[in-house]
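S.K.: The structure's right below; bear with me while I get my questions together.
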Amino acid sequence: MREITVAMTDTFISKPYTNFPENGSISAQAPSNIALVKYWGKYGEQLPQNASVSFTLSQCRTETTLHFEKSTPNGNFNFEVFLDGQREKSFEPKIAQFFERIRRYVPFLTEYNFKIETKNTFPHSSGIASSASGMAALAVCLVSLENALLGGDLSTAYKETQENQLRKASFLARLGSGSASRSIEGPLVVWGQHPEIEGSSNLLGVKYPFKVHENFSNYQDTILLVDKGEKQVSSTVGHNLMHNNPYAEARFKEANTNLTKLKTIFEDGNISAFIEIVESEALQLHAMMMASKPYFILMKPNTLEIINRIWKFRKETGSQVCFTLDAGANVHVLYPFSEKDRTQNFITKELAAFCKNGAYIHDACGLGASIVNS
Ligand code: PMV
């Protein structure tokens, strides 16, 4: 089902606002996420060509405070963005584009002046994309403010337990950055309509609805920072190149098949089968980049060195460690909680040498975005 009807998106248009607070602020945090089945290729307005599933992380987060002040509406957006206390004008075009896409669903955007203060728990230059966590945190702030406009109390307006708020936050976040739709909840989130996953949708991320074996609870992810530089090819450009990629249709089909296979794997707790899917997904993502026209490579020599070391370690020790990749050179090392000490030891002793300045971040699955009370 690829068609998205106006009626489907209309459910995210809010009721008339009854309350316009003069000013105030609201803070939210949202984590990053790491896809197990990758989203690479989109159509229409930020709609995925295939379903994806990810682990929501917990340590790598964005914290955003949205300050708002009632203005005289003139149809324009009035906002400034600050990163770590400094005005960050380079972020503003992306936020303006986000606001343009969502104005139909949150029409109060032109009624206020906003100051958006944001900070990441991971270094800005780490090569970890902050768009997923950043857009998700901002979306939660906006949903929260909207609830106050509908008559709720600002400090208690956003309830992580309220289905319609979670859905709207994910719907909005997707329009900022596709993968951000998977950062609202956790620990496992599906985005993209899939025939075997009830409730899945191209419009928003939903919590994985089926049984997950305890082997996958508290799964660990250590992010090895191989290259901290700016990406040579943005994910927007990468997604677009899928339109002319000769392998695109086969790739979209394969992703959906892999998600079907993961369903049984999650239920049975079969980590070996999980590894086969996850590593293949990572390499297919990068294979798509290499098969694009123009072609490009985001992996670095140390990315491959790390992958080979992981394979060798697994073969020699019987460990269940594996890797996945994002759209960059960094390596996400995934391992079950039961192997935490041994794997972290391996990372420190052997893999850290291939990271820029020996840097890595230990993370693990988490529960998603929330309001931060000051
Ligand atoms: O959300 P975007 O447009 O930055 O795309 C992210 C795509 C990948 O991170 C490479 C894969 C994914 O599913 O997160």
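S.K.: Just the residues that are hydroxyl-bearing (Ser, Thr, Tyr), within 12 Å of the ligand (Cβ to nearest atom) and part of a helix (DSSP H, G or I), please, taken from the range 228-257.
M.R.: 235, 236
S.K.: Oh, and also: Determine if the range 161-174 includes at least one residue that is surrounded by fewer than 22 Cβ atoms within 10 Å (Cβ to Cβ) and either within 13 Å of the chain's Cα centre (by Cα) or within 16 Å of the ligand (Cβ to nearest atom) (or both).
M.R.: No - not one qualifying residue is present in the range 161-174.
S.K.: Those residues that are at pLDDT 95 or above and assigned to a loop (DSSP other than H, G, I, E, B), I need them from the range 156-197; list them, please.
M.R.: Of everything in the range 156-197, those that are at pLDDT 95 or above and assigned to a loop (DSSP other than H, G, I, E, B) turn out to be 177, 183, 184, 186, 187, 192, 193, 194, 195, 196, 197.
S.K.: Identify all residues within the range 198-227 that are within 30 Å of residue 13 (Cβ to Cβ) and in a strand (DSSP E or B); write none if there are none. Write out each step before concluding.
M.R.: Here is the first cut: in the range 198-227, the ones within 30 Å of residue 13 (Cβ to Cβ) are 198-209.
Result: 205, 206, 207.
S.K.: Could you look through the range 318-330, keep only residues that are within 14 Å of residue 275 (Cβ to Cβ) and of a type outside the set (A, V, I, L, M, F, W, C), and pick out the one that is nearest to the ligand (Cβ to nearest atom)?
M.R.: If we take residues in the range 318-330 being within 14 Å of residue 275 (Cβ to Cβ) and of a type outside the set (A, V, I, L, M, F, W, C), then 324 is nearest to the ligand (Cβ to nearest atom).
S.K.: Which condition number does residue 279 fail, the rest of (1) more than 22 Å from the chain's Cα centre (by Cα); (2) within 16 Å of the ligand (Cβ to nearest atom); (3) among the charged types (D, E, K, R) being met?
M.R.: Exception for residue 279: condition (1).
S.K.: So which pairs qualify, if the first residue must be in the range 196-216 and exposed (fewer than 14 other Cβ atoms within 10 Å of the Cβ), the second must be among the aliphatic types (A, V, I, L, M), the Cβ gap must be under 6 Å, and the two must be at least 6 apart or on different chains?
M.R.: Hits for this filter: 199/206.
S.K.: On to the next question. Go through the range 297-336 and give me each residue that's hydrophobic (A, V, I, L, M, F, W, C) and loosely packed, with under 15 Cβ neighbours inside 10 Å.
M.R.: 297, 304, 311 - these are the residues of the range 297-336 that are hydrophobic (A, V, I, L, M, F, W, C) and loosely packed, with under 15 Cβ neighbours inside 10 Å.
S.K.: Filter the range 292-317 down to the residues that are within 16 Å of the ligand (Cβ to nearest atom) and among the β-branched types (Val, Ile, Thr) and list them by number.
M.R.: 297, 303 - these are the residues of the range 292-317 that are within 16 Å of the ligand (Cβ to nearest atom) and among the β-branched types (Val, Ile, Thr).
S.K.: Now a separate question. I'd like to verify a number: residues in the range 22-60 that are within 16 Å of the ligand (Cβ to nearest atom) and in contact with a helix residue (DSSP H, G or I) (Cβ under 8 Å, 6 or more places away or on another chain), how many?
M.R.: Counting residues in the range 22-60 that are within 16 Å of the ligand (Cβ to nearest atom) and in contact with a helix residue (DSSP H, G or I) (Cβ under 8 Å, 6 or more places away or on another chain) gives 23.
S.K.: Six or more apart or on different chains, Cβ atoms under 6 Å: show the pairs whose first residue is in the range 51-70 and acidic (Asp, Glu) and whose second is assigned to a strand (DSSP E or B).
M.R.: Short answer, once both residue conditions are applied: 63/29; 63/119; 69/23; 69/113.
S.K.: Of all residues in the range 121-154, which are among the aliphatic types (A, V, I, L, M), part of a helix (DSSP H, G or I) and within 16 Å of the ligand (Cβ to nearest atom)?
M.R.: 132, 135, 136, 137, 138, 139
S.K.: Please state which one of 99, 114 is buried (at least 18 other Cβ atoms within 10 Å of the Cβ), more than 23 Å from the chain's Cα centre (by Cα) and either farther than 19 Å from residue 171 by Cα or in the same structural domain as residue 172 (by TED's automatic domain parsing) (or both).
M.R.: The match here is 114.
The values are calculated or read from the model by the stated rules, or taken from the named source; none is laboratory data. Please read all numbers here as calculations on a predicted model, not as lab measurements. No Cβ is skipped: glycine too gets one built from the backbone with ideal geometry, and neighbour counts run over all protein chains shown.
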